[in-house]
Amino acid sequence: ESGAQVGFYIYSSEAAPLAKQYKAMRIPAMMVGVCDPLGGPGAWEATQGAVKGMVNYISGAGNMAVPKMPKTVEFQNSYKKKFKELPQITLGCSQSYDAVYLIVDAINRTGGSTDPDKLADALVATSYAGVLGQYKFPADRHQATYGDNPTNFLVGVAFQWQDGKRVPVFPESIADGTIQGIK
């Protein structure tokens, strides 16, 4: 009734019922959001396909296989080989993986020191190609930088559920498709 073209959802333990109700109510707005239960590979089955057309954002591209980012594919394949399934959450898995390698690299570059100041200096000097993209820590912020190109930045990914699959649709540099269903 409102004429809204987009509905926004965010983390909810009740995500599967939300998706099913959205589909059953035939709401004409496209659903876009950030939600682990609707972003993991099991969401299609858990909702009996009710996530079809929904767009979900993952803050770390490594938490799903993104063909244009080969390290994400390698990470997902290695994870599945070890644990017999893909990661079901979309937050933290690949970030944690990269973090271990970042800290080990920093310790090695400080000659084995775990002194916090030396490690902070080592991290600021870091340029590391990880699963999420290129890690760099600007001295003025001490925070890894996100952007739209994994060669220069860490990258998040927006994907849309299309035909039972998570299709990367943004940013353009890693997209394998376009958003379907926009009026």
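Since every read-out is calculated from the coordinates, none of them should be taken as a lab result. The model shown is predicted, which means the values in this text are computed figures rather than measured ones. Reconstructed Cβ throughout: ideal geometry from the backbone, glycine too, with neighbour counts over all protein chains shown.
So if I place +1 on the C-beta of Lys and Arg and -1 on the C-beta of Asp and Glu, and nothing else carries charge, what would the dipole magnitude of the chain be about its Cα centre? I want it in debye, nearest 20.
On the way: 17 positive and 16 negative charges, 116 e Å.
So the dipole magnitude of the chain works out to roughly 560 debye.
Based on the mean of other Cβ atoms within 10 Å per residue, sort peptides 9-15, 157-163, 147-153 so the most packed one is first. Please list the in-between numbers first.
On the way: 9-15: 13.7, 157-163: 20.9, 147-153: 16.1.
Going by the mean number of other Cβ atoms within 10 Å, highest first, we get 157-163, 147-153, 9-15.
Ranked from highest to lowest mean number of other Cβ atoms within 10 Å per residue, what is the order of the peptides 101-111, 125-135?
Values: 101-111: 14.5, 125-135: 19.2.
Ranking the peptides 101-111, 125-135 by packing returns 125-135, 101-111.
Rounded to two decimals, what is the ratio between the C-alpha radius of gyration of the range 119-183 and 2.2 N^0.38 Å? Don't jump to the answer; show the numbers that get you there.
Working: Rg = 15.3 Å, N = 65, 2.2 N^0.38 = 10.7 Å.
For the range 119-183, the normalised Cα radius of gyration is 1.42.
From the Cα trace of the chain, what convex hull volume per residue do you get, rounded to a whole Å³? Write down the numbers at each step before the final one.
Values: hull volume 25.1 nm³, N = 183.
So the per-residue Cα hull volume is 137 Å³.
Apply the Kirkwood formula to the range 7-83: the hydrodynamic radius equals the inverse of the mean of 1/r over all pairs of different alpha-carbon atoms; give it in Å with one decimal.
Details: mean 1/r = 0.0746 Å⁻¹.
For the range 7-83, inverting the mean 1/r across all distinct Cα pairs yields 13.4 Å.
Might you report the magnitude of the Cβ-based charge dipole of the range 70-136 about its Cα centre, with Lys and Arg at +1 and Asp and Glu at -1, to the nearest 20 debye? Numbers along the way, then the final one.
On the way: 8 positive and 7 negative charges, 73 e Å.
It comes to approximately 360 debye.
Towards the positive end of the charge dipole of the range 70-136, with charges on Cβ (+1 Lys, Arg; -1 Asp, Glu), say which of L132, Q95, N77 has the farthest Cα.
N77
Only helical DSSP H runs with n ≥ 4 go in: add -39500 (n - 2.57) per run for the chain, normalise by residue count and round the 222 nm mean residue ellipticity to 500 deg cm²/dmol. Numbers along the way, then the final one.
Working: 6 runs with 59 residues, N = 183.
Roughly -9500 deg cm²/dmol at 222 nm, from the helical runs in the chain.
Taking 0.36 nm per intervening residue step and subtracting the Cα-Cα distance, what contour gain separates E45 from I10 on full extension? Each step should come with its number before you reach the end.
Numbers: separation 35, 0.36 × 35 = 12.60 nm, distance 1.99 nm.
Gain in length upon complete extension: 10.6 nm.
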